[in-house]
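Input: a single structure, listed below in structure tokens.
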């Protein structure tokens, strides 16, 4: 047992030594594409742990999105395991991305904090089945920050009818959500930008996550 504990401790120490912590807005690669953005007060950090593994934390945050995934995004089956996800205020955990032509922000929400995952003022579009769960779909138009500056854009949400389990392997088939939104006739940009498993926080919340994506 002592030998096992020593090996585990050595592994954890090695992992911490190779971790890179991100606290400034930007994107890059660490086995997979990563993205970090924050605005307003409070603090947030993204810890890059190699491959598809990352952890995040935020405290009293105005607004943040951060995680790992792919650039450009695409219709694909994304695997993930969220060993930890907590959030005391607004924000969600799940696949997230942007499209252009027209500018579209989209979410597939697997977890969320104390606020409704679709935000306020959203129009309900119905529900559909994917990856073993029913998802409710919503749309709303917003004005604000986007990858191309402050613009009007459409925001689309697919939210599980109940939050998913933690510490278990799951999949998100993004193509199913793209198809379901398009079937409702909502604007969906033709050009893919980055998409990633997002651990979002807003509304002065406190939260943390530890996720692996593949």
Going through the stretch 158-206 in order, the residues found to be without any contact (Cβ under 8 Å) to a residue 60 or more places away in the chain, surrounded by fewer than 19 Cβ atoms within 10 Å (Cβ to Cβ) and touching a strand residue (DSSP E or B) at 6+ places or on another chain (Cβ under 7 Å) are 161, 163, 176, 184
Checked the stretch 131-157 for anything under 18 Å from the mean Cα position of the chain (by Cα), closer than 26 Å to residue 101 by Cα and buried (at least 17 other Cβ atoms within 10 Å of the Cβ); matches are 135, 136, 137, 138, 139, 146, 154, 155, 156, 157
Per the filter on the stretch 171-214, residues assigned to a strand (DSSP E or B), more than 13 Å from the chain's Cα centre (by Cα) and over 22 Å from residue 57 (Cβ atoms) are 171, 173, 191, 192, 193
Checked 75, 44, 82 against criteria (at pLDDT 95 or above and in a loop (DSSP other than H, G, I, E, B)); the one match is 75
Residue count, the stretch 1-41, condition touching a strand residue (DSSP E or B) at 6+ places or on another chain (Cβ under 7 Å), more than 26 Å from residue 89 (Cα to Cα) and either in a strand (DSSP E or B) or at pLDDT 95 or above (or both), comes to 5
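The values are calculated or read from the model by the stated rules, or taken from the named source; none is laboratory data. This one's a predicted model, so the numbers in the text were calculated from it and none came from an experiment. Quick reminder, even Gly has a Cβ in these numbers, built from the backbone with ideal geometry, and neighbours come from all protein chains shown.
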